[in-house]
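Here's the structure, in structure tokens; my notes come after.
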Amino acid sequence: MDQRPEPEDELPVPSLHRWNAVLWVLLGVVPPAIAVADAPGTTRYPTLALLAVLALCYGAVGLFPGNPVLRPLPYLYVLVVGLGAMSYLLDGGAALFVVTLPHFWIYATSTRAAIAVSGLACAGVVAGNVVRQGWDGEFFTGNVVFTLIGYAAGVLIGLGLRRIAEDGDARARRLSAELEGARLRLVEAHKRQGAADERERLAREIHDTLAQGFASIVVLAEAARSGLETDPARSARQLLAIENTARENLAEARVLVSAAPQSGVAAGSVADTLRRTLDRFTEDTGIGLASELPDVACDQQTRIALLRCTQESLANIRKHAAASTVEVVLTAQPYGVELEITDDGRGFVTENSHGFGLNGMRKRLAELGGELTVTSSVGDGTRVLAMIPTNGQV
């Protein structure tokens, strides 16, 4: 079973492993090897062999942490035994112990285990020195004192690093929680914005289709009722127009209710679509109308936007302008399609006009990269110019 510490219980030392390995070899393994170079064979050979074993074990664990032969925790116990033996062979070993202390904090399963196992190693080094000196010798030698001080310093440094790691983890968790909260708030904001956009779209579609259709039905119904006795034939035509308008409104309502990606507008050229709308307007109102509607190629969205702008403009003319003539001109330009609708009605002050219809037209055109220009003055009629770029598709 792998005894490596869990990620949340590790010290922030993995990035320092390479430096620790270099320092351990240079300051921990090489000096004892040099020190026993001229020693008797009974000391030199066991010391070199023990150093080689410790180096091989460290290499196996450091380079191959998942190897099945030597796991990290057993490696620490090998260090405990090896450091005690080195203390006995060299009549010292405090320096090697101090240099080896980081290993206990790197490979122990927890902070408590690091303190305990490094304490065993400290005890082993002290015991090796005592056995070498003999029980009648001085206990608190420089090697023992240095070992105890090194152990105490190692514990304090390890605990300090552990605290730093815990603080870093806590900050990381707080940051992660804040980021997740911000993400959720952003998702919720997108949902609210999407719902608001959809409500606005539905309101605009209802205003441009159903509301105008009902207004037309009301006007036609009033005209038909007033002419039942004096002009039955005209009233009959107006009743037929009411029926057709009601059918169109019903079709539009079904499209809106089903939320289908349709427009309720029959396929065909934009000129034919606008011409049908203009014929209905003339039939319903009797206002004189002149038009220039060449067959301009454009996509479905552009065709729908031009139709809605025409319907809204004609509805405004019928309700507010009291015009006698209307002119509608459709033009293909190098930069897009232009639709111009002018009337000779009473006009209005454009700065004071903030109606839903004009704003709806502006937003509809803006969604396609177009723009709406309204020019009017009291007594001089009104000019509405809608421009939609077609990306060269003219």
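Worth a mention:
- Pair list, Cβ under 9 Å, 6 or more apart: region 240-254 residue open to solvent by 80 Å² or more (accessible area, probe 1.4 Å) and at pLDDT below 75, other residue hydroxyl-bearing (Ser, Thr, Tyr) and part of a helix (DSSP H, G or I): Glu248/Thr209
- Candidates in region 317-336 are the residues that are without any contact (Cβ under 8 Å) to a residue 60 or more places away in the chain and within 44 Å of the chain's Cα centre (by Cα); of these, the one that is surrounded by the fewest Cβ atoms within 10 Å (Cβ to Cβ) is Tyr335.
- Boolean, Val145 is open to solvent by less than 50 Å² (accessible area, probe 1.4 Å) and closer than 30 Å to Asp91 by Cβ: no
- Pairs meeting the criteria (first residue in region 44-62 and in contact (Cβ under 8 Å) with a residue 40 or more places away in the chain, second residue assigned to a helix (DSSP H, G or I) and of a type in the set (Ser, Thr, Tyr), beta carbons under 6 Å, at least 6 apart or on different chains) are Val61/Tyr75.
- Apart from one condition, Tyr88 fits all of (1) open to solvent by less than 60 Å² (accessible area, probe 1.4 Å); (2) touching a helix residue (DSSP H, G or I) at 6+ places or on another chain (Cβ under 7 Å); (3) assigned to a helix (DSSP H, G or I); the exception is (1).
- Test: residue in region 347-358 that is hydrophobic (A, V, I, L, M, F, W, C), open to solvent by less than 60 Å² (accessible area, probe 1.4 Å) and in contact with a Cys (Cβ under 8 Å, 6 or more places away or on another chain): no
- Single match in Thr42, Thr47 (criterion: over 50 Å from the mean Cα position of the chain (by Cα), open to solvent by 30 Å² or more (accessible area, probe 1.4 Å), of a type outside the set (Asp, Glu) and modelled with pLDDT under 90): Thr42
- With respect to the conditions (1) closer than 25 Å to Tyr45 by Cα; (2) surrounded by fewer than 19 Cβ atoms within 10 Å (Cβ to Cβ); (3) modelled with pLDDT of 90 or more; (4) among the aliphatic types (A, V, I, L, M), Val80 falls short on a single one, namely (2).
Each row is one residue, and each column tells you yes or no for (1) part of a loop (DSSP other than H, G, I, E, B); (2) touching a strand residue (DSSP E or B) at 6+ places or on another chain (Cβ under 7 Å); (3) farther than 25 Å from Ser377 by Cβ; (4) modelled with pLDDT of 90 or more.
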| site | (1), (2), (3), (4) |
| --- | --- |
| Arg280 | no, no, yes, no |
| Leu289 | no, yes, no, yes |
| Pro294 | yes, yes, yes, yes |
| Cys298 | yes, yes, yes, no |
| Gln301 | no, no, yes, no |
| Glu312 | no, no, no, no |
| Leu339 | no, yes, no, yes |
| Thr342 | no, yes, no, yes |
| Phe348 | yes, yes, no, no |
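- From Arg132, Arg192, Arg199, Arg163, residue being under 16 Å from Gly84 (Cα atoms), of a type in the set (Lys, Arg), open to solvent by 70 Å² or more (accessible area, probe 1.4 Å) and out of contact with any Gly (no Cβ under 7 Å at 6 or more places or on another chain): Arg132
The values are calculated or read from the model by the stated rules, or taken from the named source; none is laboratory data. Remember, it's a predicted structure, so these values are computed and weren't measured experimentally. We place every Cβ from the backbone using ideal geometry, glycine too, and count neighbours over all the protein chains shown. Ligands, DNA and RNA are stripped out before the accessible areas are found, and what is left, the full protein with its side chains, is counted by its heavy atoms. Shrake-Rupley method; radii C 1.70, N 1.55, O 1.52, S 1.80 Å.
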